[in-house]
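Enquirer: What follows is a single structure, and I will ask about it in a moment.
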Amino acid sequence: MLLCWLKIATSGLAALVLTLSANPKNLKLFTTANIAAIALASYAGIELRKLEKYYQDKERCEDMLAALKDTQAEEQLQFLSSAAQRKRENEDADKRTQRQLNLLQKTAPLFSEVLNLTGQNGAVERMALGMIQNGEPLGNVLLAASEAEMQLEQAKLQAQIHQRQLELQVKQVQQLKSAEVTPDSVTSTSTPQIANSSKIDGLKKAATVVGLTTQCLGVDIAPSYERLIFSIRTEDFQSIPKFKAASKLALGITDKEDLPFYIYAPEQIAVEVALKPEDRTYYDFPLKHWNQGSRLIILGLSLDGEVIIDLASEDTPQLLVVGTTGSGKSNFFRAAAYCLLMQGARVDVCGGKVSDYEDFADRFSQITMNDMGKTFEFVGEYFQECVSRNSMTKAELDQQQPWVLFIDEYKGTVPLDDPRRKTYDQQLCEVGRRGRGLKIHVVIGLQRAAKRGKEDPQGLPPDLRDNLPCRIAFRCVDATSGRMILMRRGEAVTSLQGRGDGIVQSGLLDKRFQAYRFDTIPA
Ligand SMILES: Nc1ncnc2c1ncn2[C@@H]1O[C@H](COP(=O)(O)OP(=O)(O)OP(=O)(O)O)[C@@H](O)[C@H]1O
């Protein structure tokens, strides 16, 4: 570069020297000195242009380099910041994994316990593992697994109850075997059949809506309802309540009424759909031969045959009956009084309508029909009888006549006066508690169940309820009554159809039955 500048300076200087040394008097342009000066000046000019271009190029190059450097720096910066971000994310993920591992360590024993429990249960185990694979938090998995387990346990219990009921039925039928006269009006009502009805279609559609595949396995026709059995295969146990809600919609059942839905057998559920009033079957109370000294009450017919309860049994010594007006409660009281009178028991009827028992007086000497105002005195008498029988020997007790106190419309019989009410409560509770072993029984009827409290001093006290282990529910308008009276599926009372459509529960007994109609005393 220096050489270039030297060349320009030398040629420029030479041109200047030649120009200055020119003779001002000799004005000829084309003298050798002038031409040389012009040539040297031109050379210096051309070289200067070249240098200018060189410097411009250099500057452009530097600019480009600077720009290139800037871009690279930015890219590197971006790369570095995204690398940092990735590192942070990885660290977060590591922390999450660590947390999950910690949680897993803490809950692993619990989880293995759940898996142990569900060990025999492929479906629950599969559901739990599926949830884990889908990334569900372990807490949710455990919750869902234990809930599913509970439901399966319930199903197993239900199956056991079903089995036990069948055994009880056989036992009771054997007890009555010698005395049994099959009434003409009674025919077998449980005729399994696969019906192609719109109800089945509706329920199948409801199942499809909630994502279940189901098949109707059979239909049992009871006097007041049809029992539809469906196969269900699901690992989502929340889908059953959804199926029930969708089925209610499909069948046009309002929110106020229940649609009984329960596990019938493994992977099978039963749905009880009420029959139309015109399709129902009623049965008159059949003629029977009775054994003196027994304490059987024949309720009516269920899908498994005749339903009989025995006051002598530990499970069914005292009865609590609920049913709204028109449900068939009075009809049941009359039938129960008849059964016990025919077996020689003393029966005292308090509360309710005395006129309901007018026809009994001619036929039976051991019945009294009393105004509800007398209930207090009768409870006192039964209490004293308990006290006196309590000191008897077994042999003496065997000689005693069974006493049965019927209190219909219990609410109206509770005294409003505080001290009297206290005595009434205590004595009635004692009769319930001690009477079971002393051949002393109570049958208490309510229109609707209400708990004893300040706002309802005539409600049912919980200790009295606990001493009345056999529960019978006829139709109720509110599910609360059913839940207070029945031990299981209390809301089902709102699905009952009235006129003797009832549910009886006690211990393992749990049956829906159609009570026998009791218009006139059988001849
Ligand atoms: N088991 C039954 N079979 C056929 N009809 C019945 C049966 N039980 C009751 N009914 C009929 O239902 C109606 C109401 O019965 P019931 O009087 O027993 O009911 P309730 O619940 O006691 O009502 P209320 O409190 O008004 O007396 C009556 O017409 C009766 O004939």
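Enquirer: Which residues' amide hydrogens lie under 5 Å from the amide hydrogen of residue 275, considering only partners 5 or more residues apart or on another chain, with H built in the peptide plane?
Expert: Close amide H contacts, sequence-distant or interchain: 225, 226.
Enquirer: My understanding is that a pair violates if its Cα-Cα distance is over 27 Å; which of 7/69; 451/511; 288/439; 353/394; 329/439; 329/451 do that in this structure?
Expert: 7/69; 353/394
Enquirer: Give the lysines whose C-alpha is closer than 25 Å to that of residue 454, dropping any in the same chain fewer than 8 places away, or say none.
Expert: Within the straight-line cut-off, residue 454 pairs with 374, 411, 422.
Enquirer: Lys/Arg Cβ at +1, Asp/Glu Cβ at -1, dipole of the chain taken about the Cα centre: which of 145, 259, 40 is farthest positive-ward?
Expert: The Cα lying farthest towards the positive end belongs to 40.
Enquirer: Identify the GluC sites (Glu not before Pro) of the stretch 408-514 meeting these criteria: DSSP loop state and at most 11 other C-beta atoms within 10 Å of the C-beta.
Expert: Qualifying residues, ordered by number: 455.
Enquirer: Can you run phi through the Karplus equation (6.51, -1.76, 1.60; θ = phi - 60°) for the stretch 336-352 and list ³J(HN,Hα) in whole Hz, with x for Gly and Pro?
Expert: 5, 4, 4, 4, 5, 5, 5, 9, x, 6, 8, 10, 10, 9, 10, x, x
Enquirer: If you don't mind, another one. Give a residue-ordered list of calculated ³J(HN,Hα) values for the stretch 326-335 (Karplus: 6.51 cos²θ - 1.76 cosθ + 1.60, θ = phi - 60°; whole Hz; x for Gly, Pro).
Expert: x, 7, x, 5, 4, 4, 5, 4, 4, 5
Enquirer: Sequence-distant or interchain residues sharing an amide H contact under 5 Å with residue 284, placed H: which?
Expert: The list, which skips near neighbours in sequence, is 517.
Enquirer: So for the chain, what percent of the C-alpha to C-alpha distances run longer than 43 Å? Could the numbers behind the result be given before it?
Expert: Working: 61746 of 136503 pairs.
That tail contains 45 percent of the Cα-Cα pairs.
Enquirer: Give the angle, between 0 and 90 degrees and rounded to the nearest 10, that separates the Cα long axis of helix 239-251 from the longest principal axis of the Cα atoms of the chain.
Expert: For 239-251 against the chain, the angle is about 70 degrees.
Enquirer: Still on this structure: Among the chymotrypsin sites (Phe, Trp or Tyr not before Pro) within the stretch 1-100, which fall in a DSSP loop and have no more than 12 other Cβ atoms within 10 Å of their own Cβ?
Expert: Numbers: sites: 5, 30, 43, 54, 55, 79; in loops: 30.
When the chymotrypsin sites (Phe, Trp or Tyr not before Pro) of the stretch 1-100 are filtered for loop state and at most 12 Cβ neighbours within 10 Å, 30 remain.
Enquirer: Whole-Hz Karplus ³J(HN,Hα) for the stretch 46-60, in order, using 6.51 cos²θ - 1.76 cosθ + 1.60 and θ = phi - 60°, x for Gly and Pro?
Expert: In residue order, the calculated couplings are 4, 5, 4, 4, 4, 5, 4, 4, 4, 5, 4, 4, 5, 4, 4 Hz.
Enquirer: Does anyone have the angle between helix 2-20 and the longest principal axis of the chain? Alpha-carbon axes, 0 to 90°, nearest 10?
Expert: So the inclination is approximately 40 degrees.
Enquirer: How high is the relative contact order of the stretch 187-279? Use alpha-carbon pairs under 8 Å, at least six apart in sequence, and give a whole percent.
Expert: 29
Enquirer: Another one. Ranked by Cβ crowding within 10 angstrom, fewest neighbours first, how are 152, 68, 251, 203 ordered?
Expert: 68, 251, 152, 203
Coordinate-derived values only; no laboratory data. All figures in this text were calculated on a predicted structure; none of them were measured in a lab. Backbone-built Cβ (ideal geometry, glycine too); neighbour counts: all protein chains shown.
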